[in-house]
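The values are calculated or read from the model by the stated rules, or taken from the named source; none is laboratory data. Just so we're clear, the structure is a prediction, and the values are computed from it rather than from any experiment. Because the Cβ atoms are built from the backbone with ideal geometry, glycine has one as well, and the counts that use them run over all protein chains shown.
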Amino acid sequence: MKSRIFAEYPDVVSARDLQAMLHVGRNTAYSLLKSGAVSSIRIGRKYIIPKASVEEFLRLRAASKSGTMEPSDEAAESLERSK
């Protein structure tokens, strides 16, 4: 079954879309991308972000809050900075 979260967004999103999806500012969005907490591909100055990467980031964050799964060190650092 396909997830309905972020159904209004295309399969590949921009950094601006990421900001809207996570309700974060520009600096936080780019911090998440640069740290690798949200997987992306960088082409020149542009980030190409699979929507599935955003969903995975949220799953890891939710799991880390419930104590069932630990994010990577880089993801944990980025999560702390984004709080």
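Counting only residues that are without any contact (Cβ under 8 Å) to a residue 24 or more places away in the chain and in contact with a Pro (Cβ under 8 Å, 6 or more places away or on another chain), the stretch 1-45 holds 2 of them. Total residues in the stretch 10-39 satisfying the condition of being within 11 Å of ALA52 (Cβ to Cβ) and not β-branched (Val, Ile, Thr): the figure is 2. Listed by position, the helices (runs of 4 or more DSSP H) contained in the chain that have at least 2 residues being at pLDDT 95 or above and under 11 Å from the mean Cα position of the chain (by Cα) are 15-22, 26-35, 51-66.
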